[in-house]
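Q: Let me begin by handing over the structure; questions about it come next.
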Amino acid sequence: MNYDVKDLSLAPMGVKRITWAERDMPVLRSIRERFARELPLKGLKVSCCLHVTTETANLLLTLKAGGADVVICASNPLSTQDDTAAALVQKYGIPVFAIKGEDNDTYYRHLNAALDHQPQMTMDDGADLVSMILTKRKELTAGIIGSLEETTTGVIRLRAMEKQGVLTLPVVAINDTPTKHFFDNRYGTGQSTLDGVMRATNFLFAGQYVVVGGYGWCGRGIASRARGMGAKVIVTEIDPLKALEATMDGFEVMPMDQAAPIGDLFITATGDIHVIRLEHMQVMKSGAILCNSGHFNVEIDLDALGKAATGHQVVRDFVEAYTLPDGRVINILADGRLVNISAAEGHPACVMDMSFANQALMSEWLVQKKGTLENKVYDIPTEIDEHISKLKLATMNVTIDTMTPEQQKYLNGWEMGT
Ligand code: ADE
């Protein structure tokens with residue numbers, strides 16, 4: 001078996017941690033049990049480009065239980081959990097091409113290695129596999145039933161491909177379904193981002209100014225969690241509706257150039273490039289901490305900071321201190337890459353349970369729809385979303401009301417007013 005991981009001797013700890021995550025993934029477990037009986041993915045070659053975490057391992061085991069022949073590479077050079085990667089190879093026989101801290105060349109070599117599997121289905125977190133297929137590995141297109149996309153940034157890229165008429169595969173926007181982004185993006189990113197900051201820096205949120213760039217689902221989660229920890233939270237936005245929402249949610253909203261001199265900690269989650277630029281860093285307090293929870297490491301202009309700084313040094317794991325000519329220090333976490341998954345463990349298994357239940361069920365859906373789909377971005381059918389919400393509620397011992405016949409009739413009619 002071909003693979004490239006850091007160290008196979010890490011496997012026993014990886015197995016323990018994968019098993020621990022499984023406790024909190026009951027919806028995925030129920031799908032895995034059914035898949036093992038029905039084998040809906042029998043013989044299907046799947047190449048995944050996902051964060052190699054314990055939660056992802058449980059997804060891969062579910063696909064494998066369904067009969068799929070799966071390989072995986074990392075969707076970010078810093079997000080791999082090396083013990084998980086080792087366990088997947090050694091204990092579960094799944095080829096992994098991922099090493100935490102790999103350089104860019106290795107990252108792309110690993111992507112190619114995953115595609116050498118000749119997939120009939122791909123699973124992306126950021127659309128890197130699909131981008132590579134469309135540009136450098138076009139020969140693979142004919143054999144592919146479809147692709148699944150996990151994250152906001154990936155869906156944005158795929159919709160841009162569709163708009164430009166270059167998308168040559170059907171893809172499913174996992175991110176856009178409510179049982180994904182309401183929970184994973186909001187509560188998952190919200191909690192794990194603070195976790196990443198705390199593990200990297202030991203920062204105290206209470207009483208400090210936290211500037212959150214972007215009030216999408218991730219930004220909402222980060223802002224509300226930071227407020228919950230006692231921080232004074234400022235939100236920056238470019239979208240008037242989201243800015244209004246943040247204002248009425250009780251946050252201070254202002255442009256980044258006004259927030260820059262106030263903030264103690266800056267967290268970007270916009271999905272856009274250069275949200276924090278040198279002009280902002282030049283007015284920040286000395287010691288300010290900057291990090292990013294958006295998919296790509298483009299939100300903080302690190303090139304400009306590197307050029308302007310007189311020097312920089314690693315002062316703790318995942319913390320690099322840049323000194324500016326006037327002596328002020330700007331601290332950058334995790335090279336501006338996803339702080340929640342570089343410096344912490346990513347989203348807790350409890351929310352990944354729903355995200356990955358969507359992935360598993362939609363991989364089955366793609367097989368069922370083989371040959372009937374167009375080369376466009378598909379949303380998840382509402383029934384699947386409802387099915388996952390019901391299963392998740394049941395696992396949380398939450399029961400809800402059922403409409404009475406009178407209520408159903410009322411909602412289906414229009415005649416009755418006050
Ligand atoms: N994205 C964010 N958190 C994650 C996790 N724990 N596993 C896989 N992908 C993730």
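The values are calculated or read from the model by the stated rules, or taken from the named source; none is laboratory data. Worth saying up front: this structure is predicted, and the values here are computed from it rather than measured. Methodologically, a virtual Cβ is constructed for each residue, glycine included, from the backbone with ideal geometry; neighbour enumeration extends over all protein chains shown. SASA here: full protein model, heavy atoms, side chains in, ligands and nucleic acids out. Shrake-Rupley method; radii C 1.70, N 1.55, O 1.52, S 1.80 Å.
Q: Please report the spacing between the Cα centers of segment 212-272 and segment 278-316 in Å, no decimals.
A: First find each Cα centre; the distance between them is then 18 Å.
Q: Based on Cβ point charges of +1 for Lys and Arg and -1 for Asp and Glu, what charge dipole magnitude is obtained for the chain about its Cα centre, in debye rounded to the nearest 20?
A: Roughly 680 debye, rounded to the nearest 20.
Q: With the Cα gyration tensor of segment 172-268 in hand, convert its eigenvalues to equivalent ellipsoid semi-axes via √(5λ) and list them largest first in whole Å.
A: Numbers: eigenvalues 90, 61, 22 Å².
Square roots of five times the eigenvalues give 21, 17, 10 Å.
Q: Magnitude of the Cβ-charge dipole of segment 34-87, K/R +1 and D/E -1, about the Cα centre, nearest 20 debye?
A: Using only the charged Cβ atoms, the result is roughly 320 debye.
Q: Moving on. Below 15 angstrom from the Cβ of Lys91, what's the summed charge of the other residues (Lys, Arg +1; Asp, Glu -1)?
A: After counting each charged neighbour, the total is -1.
Q: Just the number please: accessible area per residue for segment 43-112, 1.4 Å probe, all protein chains included, in Å².
A: 25 Å²
Q: Have a look at Arg137, Arg220, Arg186 and tell me which one the Gaussian network model of the chain (Cα, springs below 10 Å) gives the largest fluctuation.
A: Looking only at Arg137, Arg220, Arg186, the biggest GNM fluctuation is shown by Arg137.
Q: Give the span of segment 7-82's Cα atoms along each principal axis, as three whole-Å numbers ordered largest to smallest.
A: Reported extents, whole Å, longest axis first: 35, 26, 20.
Q: Right, next: Please list the non-local residues whose amide H lies under 5 Å from the amide H of His274, H modeled 1.01 Å from N, same-chain partners needing a gap of 5 or more.
A: Hits under the 5 Å cutoff: Glu299, Ile300.
Q: So how far apart, in nm, are the two label points at Thr418 and Arg137 if each is 7 Å from Cα heading toward Cβ?
A: 6.4 nm
Q: Here's a follow-up. Looking at the square roots a ≥ b ≥ c of the eigenvalues of the Cα gyration tensor of segment 218-329, which shape do they give, rounded for a/c under 1.5, prolate if a/b is larger than b/c, or oblate?
A: The shape class here is prolate.
Q: Then there is this: Given the alpha-carbon gyration tensor of the chain, what are the semi-axes of its equivalent ellipsoid in whole angstrom, ordered largest first, with each equal to the square root of 5 times an eigenvalue?
A: 35, 29, 21
Q: Dipole of the chain (Lys/Arg Cβ +1, Asp/Glu Cβ -1, origin at the Cα centre): which of Ser293, Tyr209, Val27 lies farthest to the positive side?
A: Most positive-ward Cα: Val27.
Q: What number comes out for accessible area per residue over segment 298-408 if the probe is 1.4 Å? Units Å², please. Walk me through the numbers on the way to the answer.
A: Numbers: 5750 Å² over 111 residues.
On a per-residue basis, segment 298-408 sits at 52 Å².
Q: Here is a further query. Taking all protein chains as present, what is the carbon and sulfur share of the accessible area of segment 27-130, in % to the nearest whole number, probe 1.4 Å?
A: For segment 27-130, the apolar C and S fraction of the accessible surface comes to 46 percent.
Q: A further question follows. What range in the chain is the longest one free of GluC sites (Glu not before Pro) that are in a loop by DSSP and have at most 15 other Cβ atoms within 10 angstrom?
A: Numbers: sites that count: Glu374, Glu415.
Longest gap between qualifying sites, sites excluded: 1-373.
Q: Expressed as cubic angstrom per residue, what is the convex hull volume of the alpha carbon set of segment 278-326?
A: For segment 278-326, the hull spanned by Cα atoms encloses 86 Å³ per residue.
Q: Considering only protein heavy atoms and a 1.4 Å probe, what is the carbon-and-sulfur percentage of the accessible area of segment 150-302?
A: Carbon plus sulfur share of accessible area: 56 percent.
Q: Nearest 500 deg cm²/dmol is fine: what mean residue ellipticity at 222 nm does the chain get from its DSSP H runs of n ≥ 4 alone, each adding -39,500 (n - 2.57), divided by its residue count? All intermediate terms of the calculation are to be shown ahead of the outcome.
A: On the way: 17 runs with 173 residues, N = 418.
Taken over the chain, the calculation gives -12000 deg cm²/dmol.
Q: Once you have the Kirkwood Rh of segment 38-104 from its Cα pairs, apply Stokes-Einstein at 10 °C and 1.306 mPa s and quote D in µm²/s.
A: Answer from the Stokes-Einstein relation: 134 µm²/s.
Q: Tell me which residues come under 5 Å, amide H to amide H, from His51 once H is placed; ignore anything under 5 positions away on its chain.
A: Result for His51 returns Ser75.
Q: Which residues' amide hydrogens lie under 5 Å from the amide hydrogen of Gly146, considering only partners 5 or more residues apart or on another chain, with H built in the peptide plane?
A: Thr122
Q: For Lys138, which lysines qualify as cross-link partners when the Cα separation must be under 18 Å and same-chain residues fewer than eight apart are set aside?
A: Lys45, Lys376
Q: Something else now. With viscosity set to 0.890 mPa s and temperature to 25 °C, compute the Stokes-Einstein D of segment 88-170, Rh being the Kirkwood radius across alpha carbon pairs; µm²/s, no decimals.
A: Numbers: Rh = 13.6 Å.
The diffusion coefficient I find is 180 µm²/s.
Q: Say the cut-off is 26 Å between C-alpha atoms; which of Lys136/Lys370; Lys163/Lys370; Lys232/Lys390; Lys16/Lys42; Lys136/Lys307 go over it?
A: Distance filter (> 26 Å) returns Lys232/Lys390; Lys16/Lys42; Lys136/Lys307.
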